[in-house]
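Peer 1: I have a structure here, written as structure tokens, and I will follow up with some questions on it.
The values are calculated or read from the model by the stated rules, or taken from the named source; none is laboratory data. Worth saying up front: this structure is predicted, and the values here are computed from it rather than measured. Here Cβ is always computed from backbone atoms with ideal geometry, including for glycine, and neighbour counts include all displayed protein chains.
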């Protein structure tokens, strides 16, 4: 059985937690023991389940903390400086299959999948005159998008994974589902995005999936697949839509909330906290200081010719005569209100820049690269060397998307991890499937574990 919720009680609990203050959505009676058949039967139940899906996406075991953290710890952005050795294992690229963070992230992503599966299964059959067809399509489109995002994140971290496409309702659900290949996993991502694109309206709320979010994730998927023409096509759709734009100064998008920079952003508050700041901030600021910006990225961000105004990401303080360097993308430790930036417009410019350069469009690629550099108050790059331009895009992604969880996956997909990170064992380029999952799932044999674990 796949390691996702075995019944709807887990989902119902998520709904109660995320909607405890929304009396107009939930019945006043407790809903912990209701089944999925009872829960998603009308407009109110469908909307509650959708909010539950976003609550699972925001979890600290997914975008609220661990998924991006495991990625930036694995790359050359961050150095471990604390006491939790389970995170040091990512910094050292020496992750055992028993690592508890691997287990929690894997399980949490499949929780999002399961809520999406319930919505996809139940919403088409709802008979409720209060549910308009436009609302039905929007709910379904968001469910398809969230499942696509989940499988994309699983695929780029673990390779191919078991594709569970039906709700988990009992202990036998998911039986017989073997591990799929990465190609099959990405094909499912694309199929879900195609459905979402047909159903979703244009962007109106930056905290919810939209047609522009579908285009942006498609552009990212095609970039990973090295389908340069399609990556350029969909990044262009996002850029030309006018729904998002680069904001100034650079720090505005992460010090504020839901700025025009964001295509899809998760918003947190004191009751639903983002945990990043607790691990980034020094003890004098109330944090654990478990990790810090690496010397490499600190040097880049402080260099006016590379980092420009992105130097704002680096904070310093003096401790017993020594300089402590810390990151400042996540600082709201008292309230937990730091955002999670899943899709933003700067990435789309850099996707299109790389895609154009890979198609030997040097002029177009440099134009997009320089849009991002201009916002950061960095001088435009002028070069006739295509390879130099591609390396400049790689460098730009490092500083522009710093501490958001892209760098590790970028170096893997471009086959640059060995050169840049010095990792000679290619088995380290994928995370291990959690050992607990391998033991619990009869459909996974030893041959299904990633090599080297």
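Peer 1: Could you list all residues from region 32-48 that are modelled with pLDDT under 60 and crowded, with 17+ Cβ neighbours inside 10 Å?
Peer 2: Passing the criteria: 34, 36.
Peer 1: Restricting to region 422-453, give me the number of residues that are touching a helix residue (DSSP H, G or I) at 6+ places or on another chain (Cβ under 9 Å), in contact (Cβ under 8 Å) with a residue 24 or more places away in the chain and in a helix (DSSP H, G or I).
Peer 2: Counting residues in region 422-453 that are touching a helix residue (DSSP H, G or I) at 6+ places or on another chain (Cβ under 9 Å), in contact (Cβ under 8 Å) with a residue 24 or more places away in the chain and in a helix (DSSP H, G or I) gives 6.
Peer 1: Follow-up question, since we're still on this one. In region 329-368, how many are assigned to a loop (DSSP other than H, G, I, E, B), in contact with a helix residue (DSSP H, G or I) (Cβ under 6 Å, 6 or more places away or on another chain) and without any contact (Cβ under 8 Å) to a residue 60 or more places away in the chain?
Peer 2: Residues meeting the conditions: 3.
Peer 1: Could you pull out every one of the helices (runs of 4 or more DSSP H) wholly within region 236-303 that has 2 or more residues that are without any contact (Cβ under 8 Å) to a residue 24 or more places away in the chain and over 22 Å from the mean Cα position of the chain (by Cα)?
Peer 2: Of the helices (runs of 4 or more DSSP H) lying wholly inside region 236-303, those with at least 2 residues that are without any contact (Cβ under 8 Å) to a residue 24 or more places away in the chain and over 22 Å from the mean Cα position of the chain (by Cα) span 295-302.
Peer 1: Now for a different question. For the structure I just gave you, tell me whether residue 399 is under 24 Å from residue 310 (Cα atoms), surrounded by fewer than 19 Cβ atoms within 10 Å (Cβ to Cβ) and in contact (Cβ under 8 Å) with a residue 12 or more places away in the chain.
Peer 2: no
Peer 1: Which of the residues that make up region 70-86 are surrounded by 21 or more Cβ atoms within 10 Å (Cβ to Cβ) and in contact with a strand residue (DSSP E or B) (Cβ under 9 Å, 6 or more places away or on another chain)?
Peer 2: 72, 73, 77, 78
Peer 1: For region 22-31, check the following and say yes or no: at least one residue is part of a helix (DSSP H, G or I) and either more than 30 Å from residue 394 (Cα to Cα) or at pLDDT 95 or above (or both).
Peer 2: No: region 22-31 contains no residue that is part of a helix (DSSP H, G or I) and either more than 30 Å from residue 394 (Cα to Cα) or at pLDDT 95 or above (or both).
Okay, residues lined up against (1) part of a loop (DSSP other than H, G, I, E, B); (2) modelled with pLDDT under 95:
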position	(1), (2)
110	no, no
137	no, no
148	no, no
154	no, no
160	yes, no
164	yes, no
171	yes, yes
191	no, no
204	yes, no
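Peer 1: Please tell me if residue 158 is within 16 Å of the chain's Cα centre (by Cα) and under 21 Å from residue 105 (Cα atoms).
Peer 2: Taking the combined requirement at face value, the residue satisfies it.
Peer 1: Consider residue 91 against the criteria (1) touching a strand residue (DSSP E or B) at 6+ places or on another chain (Cβ under 6 Å); (2) closer than 22 Å to residue 224 by Cβ: it satisfies all of them except one. Which criterion is unmet?
Peer 2: With (1) touching a strand residue (DSSP E or B) at 6+ places or on another chain (Cβ under 6 Å); (2) closer than 22 Å to residue 224 by Cβ applied to residue 91, the lone miss is (2).
Peer 1: Test residue 195 against the criterion of being in contact (Cβ under 8 Å) with a residue 40 or more places away in the chain and in a loop (DSSP other than H, G, I, E, B), and give yes or no.
Peer 2: no
Peer 1: If residue 316 satisfies every condition in (1) crowded, with 18+ Cβ neighbours inside 10 Å; (2) assigned to a strand (DSSP E or B) but one, which is the exception?
Peer 2: Condition (1) is where residue 316 drops out.
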